[in-house]
Amino acid sequence: MEKKISDRIRYVGVNDHTKVIFEGMWPLPFGVSYNSYLVVDEKVALIDTVEAGFEKEYLGNIRNEIGDRKIDYLVVNHMEPDHSSLIATIREHYPDIRILTSAKAVPMIKGYFGLTDNIHAVKEGESISLGESSLTFYMAPMVHWPETMVTYLGEEKTLFSGDAFGTFGAVDGAVLDGGAHLCGWLDKSESCFAEFRDEMTRYYSNIVGKYGQTVQAALKKLSGLQIGRICSTHGPVWENHVADVVSYYDRLSRYEAGKGVCIVYSSMYGNTAKAAKALAAELAGRGVKYAIHNLCTENVSFAYRDLFKYDTLAVGAPTYNNDIFPPAYNFMYGVCARLVKNRKFFAFGSFTWAGASVRLLNEMAAKQGFELISDGISFPQAYSSRKCDMAAVAELMAR
Ligand code: FEO
């Protein structure tokens, strides 16, 4: 893989195809990359590290680029272990390396690695010269943790953005967006941004989704910088699609969604499932975009992805213990935790002797400020089109 991003910037990250579940929750059908970069000038800076388990490959990547040269600085933009795990390993191999990080990361470095010496807490807007170029640091709290900062290399118009603008999906063949492709079976005919957009949405909605307000604040703060290249910690390096990814992040963090319906359902004996499929068929018949997810069989991350894509959410859940069937309750808990707003909402579900789920789903949605498109459909025992007039619901959604 081409490691040269520019004369000064080298890619030294790794691709992970063995981790099945990221953060213990999110599947990785296309793998994931942990990106790390060297900035090589009179002095050398290493930007972030990678996940544990890649020590040999990572140190080899570094040596392939700079041989036995020393590294002067380790910039720690973000302390989540997928990027910080090898801080102590780097210090072991480069004992004089000076760590540059935010004040909030300093106690985290002590807590994770017991390191307290030769660490400099940079200030907002502080610059460190590497020779002909310099690194400038901007705090970006809660994008994605409170200690998060980003690093700007002005001479290269390059932003080392941490998780921001990152995606799931490994980048084995090439890391630059002129040549990077999502690993796996997808058609490769579209642009790199189009190819990665769904995995970027799934990454954003599941990991950063709660922090729309702080992402907006960071975008505003960084809007004055000339950015010609974004080196994120996950996925491609953006050069050709900088405007696309910045505008997409802006849209995601404002919870703006396109017209369409995200149908999520849970079902014990198939009746609520039949209602969900009837709604999908009615929407399809009217040319309305939709996605449909079974919360009992799929990882929920795909449903959250489509929650962020579409402006209408339809949730199906039977009544269980006089409450919402747990898979749907858990999903709705996650919707609320992500502070999602500006959605239209519709609830449906079956019951046998007393219905509660639709009323309770509506209450959760109303608290979230969603617009209920109707009172929902709570139906007894078996599904039938007479009990569930999904044609009428689809009409409302098609407006
Ligand atoms: Fe990729 Fe928040 O770590």
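Annotations
- Remark: Tyr58 matches the filter, which requires a residue to be among the aromatic types (Phe, Trp, Tyr), within 30 Å of His181 (Cβ to Cβ) and not assigned by TED's automatic domain parsing to the domain that holds Ala303.
- When residues in the stretch 242-260 are screened for being assigned to a loop (DSSP other than H, G, I, E, B) and either closer than 23 Å to Gly169 by Cβ or over 15 Å from the mean Cα position of the chain (by Cα) (or both), 2 of them pass.
- Just one residue in the set Asp96, Asp72, Asp48, Asp117 is within 18 Å of Val14 (Cβ to Cβ) and among the acidic types (Asp, Glu); that residue is Asp48.
- Filter result (buried (at least 18 other Cβ atoms within 10 Å of the Cβ) and either without any contact (Cβ under 8 Å) to a residue 60 or more places away in the chain or within 12 Å of the ligand (Cβ to nearest atom) (or both)) within the stretch 19-35: Phe22, Trp26, Val32, Ser33, Tyr34, Asn35
- Enumeration of residues in the stretch 171-226 that are surrounded by fewer than 22 Cβ atoms within 10 Å (Cβ to Cβ), within 13 Å of Phe30 (Cβ to Cβ) and of a type in the set (A, V, I, L, M, F, W, C): Cys183, Trp185, Leu186
- Strands (runs of 3 or more DSSP E) lying entirely in the stretch 52-160 (those with 2 or more residues that are surrounded by 22 or more Cβ atoms within 10 Å (Cβ to Cβ), touching a helix residue (DSSP H, G or I) at 6+ places or on another chain (Cβ under 6 Å) and at pLDDT 95 or above): 73-76
- Across the stretch 332-351, a minimum of one residue is classified as outside any helix (DSSP H, G or I), among the basic types (Lys, Arg) and touching a helix residue (DSSP H, G or I) at 6+ places or on another chain (Cβ under 6 Å).
- Listed by first and then second residue, the pairs with beta-carbon distance under 7 Å, at least 6 apart or on different chains, first residue in the stretch 280-291 and within 11 Å of Glu395 (Cα to Cα), second at pLDDT 95 or above and surrounded by fewer than 16 Cβ atoms within 10 Å (Cβ to Cβ), are Glu282/Ala391; Arg286/Ala398; Val288/Ala398.
- Lone unmet requirement of (1) at pLDDT 95 or above; (2) in a loop (DSSP other than H, G, I, E, B); (3) away from the ligand (no atom under 16 Å from the Cβ) for His181: (1)
- Residue match in the stretch 316-326 (condition: more than 18 Å from Glu363 (Cβ to Cβ), touching a residue at least 12 places away in the same chain (Cβ under 8 Å) and outside any loop (DSSP other than H, G, I, E, B)): no
- Verdict on Ile207 being closer than 22 Å to Lys309 by Cα and not assigned by TED's automatic domain parsing to the domain that holds Phe22: no
Yes or no, residue by residue, for (1) crowded, with 23+ Cβ neighbours inside 10 Å; (2) within 29 Å of Ser84 (Cβ to Cβ); (3) in contact (Cβ under 8 Å) with a residue 40 or more places away in the chain; (4) aliphatic (A, V, I, L, M):
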site	(1), (2), (3), (4)
Arg229	no, yes, yes, no
Trp238	yes, yes, yes, no
Ala257	no, no, yes, yes
Ile263	yes, no, yes, yes
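- Checked against the criterion of being within 11 Å of Thr167 (Cβ to Cβ), touching a Leu at 6+ places or on another chain (Cβ under 8 Å) and in contact (Cβ under 8 Å) with a residue 60 or more places away in the chain, the stretch 211-227 contains not a single residue that satisfies it.
- Of all residues in the stretch 266-277, none are modelled with pLDDT of 95 or more, in contact with a strand residue (DSSP E or B) (Cβ under 7 Å, 6 or more places away or on another chain) and within 26 Å of Ala194 (Cα to Cα).
- If you go through the stretch 233-284 and keep only what is of a type in the set (S, T, N, Q) and more than 30 Å from Val50 (Cα to Cα), you end up with Ser266, Ser267, Asn271, Thr272.
- Taking the stretch 279-326 as the range and being in contact with a Cys (Cβ under 8 Å, 6 or more places away or on another chain) and either surrounded by fewer than 21 Cβ atoms within 10 Å (Cβ to Cβ) or modelled with pLDDT under 95 (or both) as the test, the residues that pass are Ala291, Lys309.
- Selected residue (criterion: farthest from the ligand (Cβ to nearest atom)) from residues of the stretch 196-241 that are in a helix (DSSP H, G or I) and of a type in the set (D, E, K, R): Lys220
- All positions within the stretch 343-384 that are among the polar types (S, T, N, Q), in contact (Cβ under 8 Å) with a residue 40 or more places away in the chain and exposed (fewer than 13 other Cβ atoms within 10 Å of the Cβ): Gln381
- In the stretch 345-398, residue nearest to Gly285 (Cα to Cα) [restricted to those that are polar (S, T, N, Q) and in contact with a strand residue (DSSP E or B) (Cβ under 9 Å, 6 or more places away or on another chain)]: Ser374
The values are calculated or read from the model by the stated rules, or taken from the named source; none is laboratory data. Just so you know, these numbers come straight off a predicted model, no measurement behind them. Note: ideal-geometry Cβ built from the backbone for every residue, glycine included; neighbour counts use all protein chains shown.
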